[in-house]
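Worksheet: the structure to be examined is printed underneath.
The values are calculated or read from the model by the stated rules, or taken from the named source; none is laboratory data. Predicted model only: the values in this text are computed from it and were never measured. For neighbour counting, all protein chains shown are included, and Cβ atoms are generated from backbone atoms with ideal geometry for every residue, glycine included. These area figures cover heavy atoms from the full protein model, side chains too; ligands, DNA and RNA do not enter into them. Shrake-Rupley method; radii C 1.70, N 1.55, O 1.52, S 1.80 Å.
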Amino acid sequence: MQTLRDLPALRAAVQALKSDGKPLVLVPTMGALHDGHMALVDEARRHGRHVAVSIFVNPRQFGPNEDLDAYPRREAKDAQMLDDAGVDILWAPPVEVMYPAGFATNISISGVSDGLDGAARPGHFDGVATVVTKLFNQVRPDIAIFGEKDYQQLAVIRRMVADLDMGIEIVGLATRRAPDGLALSSRNAYLSDAERQAALALPRALGEAKRLMEKGDPVEDALARAIAMLTAQGFDPVDYVSLCDAQTLEPMTVLDRPARLLGAAKLGKTRLIDNIAVDPA
Ligand code: PAF
């Protein structure tokens, strides 16, 4: 695996790799890799001959009081995992390569970015869309793989790729979970043992609300039940538990089409998100 940190070297490596005409697949990450990321890499391998992974902790998608400085960084270990998995290119640019002095462009996708995490974390999806556009322009993949754990992010990227005719196939992969049901996340590393146990309330609350809605209970009651379950386990604040259209992410008050149930809440200093599909009878 080649680890690259500047654009001329990346361009040369990508050109050499793609000279056989086979697809290049990109897995964008912020590092601190876990089994969820490695499932994305496996999926990439199924979709294309060549695999590139980016590791870049993107300052533009963190708010002023968020965890940019604390975000786990362990590139040497990540690089070993990617090398073992047969990845061809690790693209790990420093901040000044990604955002050189004078950088002044912002990509903003309205509608799908506005609610949920877009409301709770102003500017977050502009930061994601801007860096993902840059990663796509830098690596020029044919296909890119993202996890459904960040379901709204996936919807934002799909909208952006369609709107801007980027011509990249976007593949979403189901969330990887620990055996007890907690969605894998680099931020789980922040949880104390007691918080790790309490965190199970998030998948359980979403699962319970899904069960209630699919058996016909009013959406509003099911959401209130989920919020009560989270609060009882010490989540504070609960940013949202919301039923949304599975494609557009518009809020739904009646379960009359395929939907996604999304939740975000804070446990101590750690903000956790999760989501599951909800289907009408
Ligand atoms: O999901 C992530 O890890 C990040 O949001 C991404 C897509 C790599 C952009 O920084």
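Per-residue extension of 0.36 nm, minus the Cα-Cα distance of THR105 and ASP221, leaves a gain of 37.5 nm for this segment.
Distance between the 7 Å Cα→Cβ label points at GLU208 and ALA281: 2.3 nm.
What whole-number distance in Å separates the alpha-carbon centres of the range 201-237 and the range 65-89? With the range 201-237 and the range 65-89 each reduced to a Cα centre, they are spaced 34 Å. For the chain, the Kirkwood estimate of the hydrodynamic radius, built from every pair of different alpha carbons, is 19.7 Å.
Here the spin labels are modelled as points 7 Å beyond Cα on the Cα-Cβ line, and at ASP20 and ALA174 they lie 3.1 nm apart. Only one residue of HIS47, ALA79, VAL27 has its Cα farthest out toward the positive end of the dipole of the range 1-116, where Lys and Arg carry +1 and Asp and Glu -1 on Cβ, and that residue is HIS47. Since only PRO141, LEU17, LEU272 are under comparison, the one whose Cα sits farthest along the positive direction of the charge dipole of the chain, derived from C-beta charges on Lys, Arg, Asp and Glu, is LEU17. Of the residues MET98, VAL112, ILE157, the one whose Cα sits farthest towards the positive end of the charge dipole of the range 81-236 is VAL112 (charges of +1 on Lys and Arg Cβ, -1 on Asp and Glu Cβ, taken about the Cα centre).
Expressed in nm to one decimal, what extension gain is obtained for the pair ARG140 and ASP84 from 0.36 nm per residue of sequence separation less their Cα-Cα distance? Extra length from ARG140 to ASP84 when fully extended: 17.8 nm. When GLU96, GLU214 are compared by accessible area at a 1.4 angstrom probe, the order from most to least is GLU96, GLU214. Using C-alpha pairs below 8 Å separated by at least 6 residues, the relative contact order for the chain is 17 percent.
Solvent-accessible surface of the chain, taken per residue with a 1.4 Å probe and all protein chains present: 46 Å². What net charge do the residues around PRO258 carry, taking every other residue with its C-beta under 10 Å from that of PRO258, with Lys and Arg at +1 and Asp and Glu at -1? Once positives and negatives cancel, what remains is -1. Summing Cβ point charges (Lys, Arg +1; Asp, Glu -1) relative to the Cα centre of the chain gives a dipole of roughly 460 debye.
Calculate the FRET efficiency for ALA70 and VAL254 from the Cβ-Cβ distance with a Förster distance of 35 Å, rounded to the nearest 0.05. Taking R0 as 35 Å, the efficiency between ALA70 and VAL254 is 0.30. Among the protein heavy atoms of the chain, carbon and sulfur supply 50% of the accessible surface, probe 1.4 Å, non-protein parts ignored. Dividing the helix sum by the residues of the chain, where each DSSP H run of 4 or more adds -39500 (n - 2.57), gives a mean residue ellipticity at 222 nm of -11500 deg cm²/dmol.
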